[in-house]
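First comes the structure, then the notes that go with it.
The values are calculated or read from the model by the stated rules, or taken from the named source; none is laboratory data. All values derive from a computational prediction rather than experimental measurement. When we count neighbours, we look across all protein chains shown, and the Cβ atoms used for this are built from the backbone with ideal geometry, even at glycine.
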Amino acid sequence: MREPGELFVISAPSGAGKTSLVNALTKVIDNLTISISHTTRQKRPGETHGVNYWFINETEFRDMINQKKFLEFATVFGNLYGTSRQWVEETLANGADVILEIDWQGCLNIQKLFPDCTSIFIVPPSPDILAQRLTERQQDSPEIIQKRLADVKETFSHLKEYDYIVLNDDFAHAVSDLKAVIQTQRLRRKKQLITLDPLLKRFRQ
């Protein structure tokens, strides 16, 4: 019997370092795959279609909604973001663990569909550092930066809906904390009963 993969949801306010942490995490943990979201927002300098996001237009996105191809989708600062239903379900069925980098809206939707998923919230060191990061990365206009900062309070109001909270004040330590969460979930009784089934049967003989 193939062991299904675990689903992890990671959220954070813009500028908290979520993407960098997730990329680093996949380098120290095997069998862990990042889901690539679809979005209607414009590609930023340095981003690659099919690597950072699947960049599509709004008509294509709406067609995918009508065809129920998204597990979840949301509008964030005027742009649409969605998670591929087929890719996630197939990847989990093949035994790989999956990370979804989505906001709190998407997290709530995923928790309804996958009650056993593990949700993690990344907290930046301080509001001032968060604002500094958003400005220094030079990815958004001043207007969008202000909208992102204004959204922080709303984002933090959903902390209680997450299983784990990780502080990103030291990058290496935060990666270590995330690794510990992944490993803890992999050692749960339900999962280990499947993973160790051949060995456990020998003890029962």
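When the residues of region 160-182 are narrowed to those that are assigned to a helix (DSSP H, G or I) and touching a residue at least 60 places away in the same chain (Cβ under 8 Å), which ends up surrounded by the most Cβ atoms within 10 Å (Cβ to Cβ)?
Applying the first criterion (assigned to a helix (DSSP H, G or I)) to region 160-182 yields 160-161, 171-182.
Now narrow it down to the ones that are touching a residue at least 60 places away in the same chain (Cβ under 8 Å): 171, 174-175, 178-179, 181-182.
Values: 171: 12, 174: 22, 175: 21, 178: 24, 179: 15, 181: 17, 182: 20.
Looking at the filtered set, the residue picked out is 178.
Quick check on my filter: what residues within region 1-56 are within 21 Å of residue 185 (Cβ to Cβ), surrounded by fewer than 19 Cβ atoms within 10 Å (Cβ to Cβ) and touching a Phe, Trp or Tyr at 6+ places or on another chain (Cβ under 8 Å)? Selection gives 24, 35. Close Cβ contacts (under 6 Å, 6 or more residues apart or on different chains) running from residues in region 66-90 that are at positive phi to residues that are surrounded by fewer than 16 Cβ atoms within 10 Å (Cβ to Cβ) and not hydroxyl-bearing (Ser, Thr, Tyr) comprise 77/147. All told, residue 63 falls short of being assigned to a loop (DSSP other than H, G, I, E, B) and among the charged types (D, E, K, R).
Would you mention how many residues in region 141-153 are out of contact with any Ser or Thr (no Cβ under 8 Å at 6 or more places or on another chain) and without any contact (Cβ under 8 Å) to a residue 40 or more places away in the chain? Here the count works out to 7. A single entry from 13, 4 fulfils the requirement of being within 30 Å of residue 199 (Cα to Cα), modelled with pLDDT under 95 and either in a strand (DSSP E or B) or in contact with a helix residue (DSSP H, G or I) (Cβ under 6 Å, 6 or more places away or on another chain) (or both): 4.
Restricting the search to region 95-117, which residues are within 10 Å of the chain's Cα centre (by Cα) and either exposed (fewer than 15 other Cβ atoms within 10 Å of the Cβ) or in a strand (DSSP E or B) (or both)? Of everything in region 95-117, those that are within 10 Å of the chain's Cα centre (by Cα) and either exposed (fewer than 15 other Cβ atoms within 10 Å of the Cβ) or in a strand (DSSP E or B) (or both) turn out to be 98, 99, 100, 101.
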